[in-house]
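K.L.:
Dropping a structure here in C-alpha cells format, bear with me for questions.
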Amino acid sequence: MLVKRRVRMIGHNLRHPEMLITVLEGMVEGKNWKGRPRHSYEDQKLKDTGSESNGLRLTDVTIPSHMDLHQAAVLSCNFDLGRGKLYSVKWYKDEFEFFRYMPENKPQIQTFPLIGVNLDLSKSNMTVITLKPLNFNSTGSYRCEVSTDGPNFETVVRNGNMTVIVFPNDKPVIDGIQSWYNVGDYITGNCTSARSNPPAELFWYINHNETTGCHEKAALDFDFNKRKLTA
C-alpha cells in the first residue's frame, strides 16, 4: 500500500516543481531535526526495488597468467548477485564470445567456435570453464562478464591475459669442451636447450659464478659470452 502511494506521489510532484527538491533530497531548509535521519525519496526507491544492497559484484576471478601447453587451463568467475537475479555469464577471448550460461535457457550453456579455444564442457559451468587441450592460439585476453535481470540490469566484467608456454623437456646439453687445456688457451663451447616457448635464455657459469659477458679469470683464462639461443 505504501509503495502504491509513493508512485501516486510522482504526479503530484511533477505538478508542483517546488516540492521536487524537498521530496527527492529528503530535506527542508532550517535547522537539523533530532532523532533518526530522514530517508530521501531516492533511498526509499532503492528499497522498493530491492536495490539498496551493494548489488552485483565480482568476488573472485581467476585467469592464470601462464599455462603449460600440456595442462588444462581452469578459469573461474565467482560473483555475488546481491538481491538481483542472474541473467547471464559470458566468457570472451580477444573480444569474441565463446561461452554463455543463461539459467532461464534450455540448454543453459551455449558455446561458439573460436580458434584456440577448446572447452571441456564436462568441467565447465556457471562459475568455471576448463580449456583443454591448449595450443599456442589459446594465448590471449580473456574476459568474464556477469549480468543481472531487471529491474536493475547490472553488468560487471573482469579481464586477464593468459600466455601458453612450453617448458624444455630435458636438461641443456654442453658440447665442445675438452677435459683439459693449457694456460692461455681459449675455450669454445656450445650449450643447447631443448625446444621451448618462449625460446630459452641460456647463461654460462664458471665455478658456480655467472659470467658477465667479458673476460673472466679463474684457474685458467676464460672468454665465455652470455648467449640467447632460439630453439
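K.L.:
Please compute the net charge surrounding ASP80, taking Lys and Arg as +1 and Asp and Glu as -1 over other residues with Cβ under 11 Å from its Cβ.
P.N.:
Local net charge: +1.
K.L.:
What does the charge add up to near ARG57, with Lys and Arg as +1, Asp and Glu as -1, over the other residues with Cβ less than 14 Å from its Cβ?
P.N.:
Residues close to ARG57 contribute a combined charge of -2.
K.L.:
Tally Lys and Arg at +1 and Asp and Glu at -1 over the other residues with C-beta under 12 Å from the C-beta of GLU97: what net charge comes out?
P.N.:
Within the 12 Å Cβ shell, the charges total +1.
K.L.:
So, one more: Specify which residue in the list ASN125, TRP91, GLY140 is farthest towards the positive end of the charge dipole of segment 69-143, using unit charges on the beta carbon of Lys, Arg (+1) and Asp, Glu (-1), about the Cα centre.
P.N.:
ASN125
K.L.:
I'd like the antiparallel share, as a percent to the nearest 5, of DSSP beta bridges with both residues in segment 57-165.
P.N.:
90 percent
Here, each number is a calculation from the coordinates, and none is a lab measurement. Model, not experiment: these values are computed from the prediction. Cβ atoms come from the backbone with ideal geometry, glycine included; neighbour counts cover every protein chain shown.
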